[in-house]
Amino acid sequence: MLEIQEVNAGYGRLHVLFDINTKMRDNDITVIVGPNGSGKSTLLKTIMGITQVYSGKILFNGTNILGLPPHLVTRLGIAYLPQVDNIFANLKVKENLLMAGYTLGRDEAKERAKEVLGDFPDLNKYMGRTASMLSGGERQMLAMAMAMMRRPKIMLFDEPTGSLAPKIAFEVLNKIVKLRDDYGVTLVLAEQNVRSALEQGDEAILLVSGRVMFEGNAQELLKHPELGEVYLGIKKT
């Protein structure tokens, strides 16, 4: 579904990604891991058109989307959920959902919100509450619900379990997997919760200093005798 070819990108003169070649396959969960500062978030932002790309191509279903502004990338069916600022904290939960459906007609947006709440039932009791009052896990659920309002084909998650308690992080990851299983959404996760993410993932990309060090089966990386321990701190059991 998504193919990155020889991409070099960064921020102005700060070159972060070097000659990135990788694929995110349809209906797979691709997990992007690596040490802090390795370029995980930058890779997601590059797909969304937020960084400066010096060279290369980004193909979405065979069409080069490189150079498109983020709002047009979103309309193609790519949803991006940053780690922070992924909801409208000063609006109520109900208003967040309606804002997420801004490209829909009012009646269609309301109907879509009802459908989404069927998948995120815990949000029903917070509909009249200001989003800033939600817990970290509840905010992530709201962010996912907002993205699903647009029925995306692919969802890019940047540290979805960051700063969450282990139990809540487990619930968030399970909900992400359910989106793939129930709706066929292709998922890409940049994660620091390495072991749990790789256990749930199909494919894995290991970034080190802005370069692809490994690409392949997620379980293979999890069990790799050297890469996991050296770059990800995975202790062998």
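The values are calculated or read from the model by the stated rules, or taken from the named source; none is laboratory data. Only a predicted model underlies this, so the values are computations on that prediction, with no experimental measurement involved. All accessible areas refer to the heavy atoms of the entire protein, side chains included, with ligands and DNA or RNA removed. Shrake-Rupley method; radii C 1.70, N 1.55, O 1.52, S 1.80 Å.
Listing for the model above:
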| read-out | value |
| --- | --- |
| Convex hull (Cα only) mean projected area of the chain, reported in nm² to one decimal | 12.6 nm² |
| Pairs from Lys92/Lys175; Lys57/Lys153; Lys40/Lys125; Lys45/Lys178; Lys57/Lys110; Lys40/Lys110 whose Cα-Cα separation, in the structure shown, is over 28 Å | Lys40/Lys125; Lys57/Lys110; Lys40/Lys110 |
| Accessible area in the full protein assembly, largest first, 1.4 Å probe, for Thr63, Thr46 | Thr63, Thr46 |
| Heavy-atom accessible surface of region 137-209: percent carbon and sulfur, 1.4 Å | 48 percent |
| Beta bridge orientation in the chain: antiparallel %, DSSP, nearest 5 | 60 percent |
| Using alpha-carbon coordinates, inclination of helix 136-148 to the longest axis of the chain, degrees | 80 degrees |
| Equivalent ellipsoid dimensions for region 97-211 as semi-axes, Å, which come from the Cα gyration tensor, largest first | 26, 17, 12 |
| Candidate residues His71, His224, His15: accessible-area rank, largest first, probe 1.4 Å | His71, His15, His224 |
| Between region 95-130 and region 14-37, the Cα center-to-center distance that results, in Å | 31 Å |
| For the chain: accessible area per residue (Å², 1.4 Å) | 48 Å² |
| Estimated vicinal HN-Hα couplings, Hz - region 89-94 in sequence order (Karplus 6.51, -1.76, 1.60; Gly, Pro = x) | 4, 8, 9, 6, 4, 4 |
